[in-house]
Amino acid sequence: ALPSIIQRALDPAAQHTNTPVRLLLCGSALSFMGGLLVGNAPLRGRAGLELVVPTLDFRLAAEFWEITDPRTALLTHAIVGGTPAYRREFTQGDAPAGPHDFDAWVTRAVLNPARPLFREARYLLAEEPQLHDTALYHSVLAAIAAGNAARGGIADYLGRKSTDLAHPLSVLQDIGMITHEADAFRRNRSAYRIAEPLIAFYHAVMRPAWGDLERPGRAPAVWRRAQSTFRSKVVGPHFEQVCREWARWHASPATHGGQVTRVGSGTVNDPAAKTSHEVDFAVHGETDSGRETLLAIGEAKWNEVMGKGHLERLQHIRALLTARGSATDVTRLQCYSGTGFTDELRHLAGNDPAIQLIDPVRLYHGD
């Protein structure tokens, strides 16, 4: 096998002279590359550097794609993510010129069967050596893309037992296709999310209309029909994830009222109303004594103007968390909107630093 051949070539006992030659092993299959250096692998102990190169975050991706309009940058990132190769090799340098050009760009660069990006989502799974039954893994990804985040929901969507999905979910997590995130408030709950935006876009928009998309000239009609699905199943969840990244890595301590240690999402029970509330953002930090504290909670709406009603919902959730000792009266309330805020909400936020309003401009340029 190739690793054994490389092992013999790099055997220190066989090297009689110093040489400036260095061997670089590069690959995109995370599970395969990671396996080269673990356990009893032939190359274990012979690596001088193990470097995992991440994709560009949403801010760097906007610069790389040379997109200055924040909404257009986020919409583009919701499809192609931060993979540098998609900028030139897969789209021939074609980028949306602005909001007016975004829909046309999708049809000519992403939904165009003559472009390499068209089939890339399928190839991403095909190149992983661990995936023997790609149909099963695509089905699991389709279930998550449809909005099923819990294992039980994924199982119901596929008509399978929950226990049958332990292995495929674990494999998809190992190869970096999905993430498994603990609930911010309930340790016994967790959520699965698709990590690669192109995969989510493929399963939500492209896969259901694959037959039409393979025929030239059908992309504009497919794209028009998919607008609602794109906003709810692709952009909405992606906007939430981008906002969580901003809250963790770009927002200043002054925005949250303290230094952040982790940002997640979760569910809060409301016993009196016999319901539960989804919390898009739960920003945790630490006190001077080292005790964890909830700095802020927030909600994100990509295609909706946020108003006083959204703030009152967050205030109610904060009261529930305060009653159980998880929050305080100074826990901040954050509204993230891709469309804007009512004048009333802006006025309230202007008079209360505990209310934070974050729009796409602030996501890309502020803290």
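Read-outs throughout are calculated quantities, based only on the coordinates presented, and are distinct from any laboratory measurement. In this text the structure is predicted, and so the values were computed from the model without any measurement. Cβ atoms come from the backbone with ideal geometry, glycine included; neighbour counts cover every protein chain shown.
A few points about this structure:
- Cα shape, region 58-110, gyration tensor, a/c 1.5 rule: oblate
- Rounded tilt (10° steps) of 70-80 against the dominant C-alpha axis of the chain: 40 degrees
- Region 260-367: C-alpha gyration tensor shape, a/c 1.5 cut-off, then a/b vs b/c: oblate
- Residues Q315 and T339, FRET efficiency given R0 of 30 Å [Cβ-Cβ distance, rounded to 0.05]: 0.90
- Among H365, H250, H316, the ranking by other beta carbons within 10 Å of each residue's beta carbon, starting with the fewest, stands as H365, H316, H250.
- Per-residue extension of 0.36 nm, minus the Cα-Cα distance of K274 and R224, leaves a gain of 14.1 nm for this segment.
- Spatially close lysines, pair count over the chain: Cα under 27 Å, gap of eight or more or interchain: 5
- Look at S265, S139, S276 and count the other Cβ atoms within 10 Å of each Cβ; fewest to most, that gives S276, S139, S265.
- Overall form of region 212-297 per C-alpha gyration tensor (a/c, 1.5; a/b vs b/c): oblate
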